[in-house]
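What follows is a single structure, written as structure tokens, with notes after it.
Rule-based calculations on the coordinates, nothing more; no lab input. Computed from a prediction, not measured in an experiment: that's the story for all the values here. When we count neighbours, we look across all protein chains shown, and the Cβ atoms used for this are built from the backbone with ideal geometry, even at glycine.
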């Protein structure tokens, strides 16, 4: 799907430039995520890297510009431009939402002064964090190559992530883990949720490579089953 649309992007310099900049936006959100994670998980104080907020403003501005350019594109191209314009907007919205969730992690770190540790579930949390960090680079490669095989492989490789986050969240709600304090349990529940949402938005971006517009963000049963 995306490979076909890239040819359309190249005919419109503004859309082509916007798509190329989506790579940079992914790099920025990855940097934001690493900074947010460091504040919450690697420091014993609530000192924050405020550059995250400036980066978020940059992403928000970029989203507004893309929406404007897509509207101008559709005004000229008409119905024929709908798939390319809507797909690009969908990608940018997902990237913008990732920025919002990294801000949520920073706000969590601001209220949780000590370094957050997951107790008996620390290995699970480390596994999820590493997967999310890797996902940024893999999604960038998927966009750059428009390779549907890479996109499906990414989804299959991390099909375990969302269910694991849900399992940990359910455990904190039901108070099945007594190895952490109440404050830590609340923080961990939120953090697992934020990690899940970041990963989900990254996954949405990959689906734009091989799914038609009305199915972007939805994983087929075939891919789900293959990854389990």
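Multiplying the sequence separation of residue 133 and residue 72 by 0.36 nm and subtracting their Cα-Cα distance, what value in nm do you get?
18.5 nm
Put a dot 7 Å past each Cα toward the Cβ at residue 65 and residue 182; how far apart are the dots in nm?
4.8 nm
Could you tell me how many degrees, from 0 to 90 and to the nearest 10, lie between the Cα long axis of helix 51-77 and the main elongation axis, the longest principal axis, of the Cα atoms of the chain?
30 degrees
So what does the Cα-only Debye profile of the stretch 70-121 read at q = 0.14, 0.26 Å⁻¹, as log10 I(q)/I(0), no solvent term?
Values, matching the q order: -0.57, -0.93.
How are the Cα pair distances of the chain distributed, in percent, across 10 Å bins from 0?
Calculated P(r), rounded to whole percents: 8, 31, 32, 20, 8, 1, 0.
Could you let me know the centre-to-centre spacing of the stretch 138-181 and the stretch 113-133, using Cα atoms, in angstrom?
13 Å
Over the chain, calculate the relative contact order: mean separation of alpha carbon pairs under 8 Å at least 6 apart, over the residue count, as a percent.
Over the chain, the number comes to 27 percent.
Assuming R0 = 30 Å, what is the FRET efficiency of residue 86 and residue 53, from their Cβ-Cβ distance, to the nearest 0.05?
0.55
Given a cut-off of under 8 Å on Cα pairs at least six residues apart, what relative contact order in percent is computed for the stretch 98-228?
37 percent
Please give the calculated 222 nm ellipticity per residue for the chain, where each DSSP H segment of at least 4 residues contributes -39500 (n - 2.57) and the sum is spread over every residue; nearest 500 deg cm²/dmol?
Taken over the chain, the calculation gives -27000 deg cm²/dmol.
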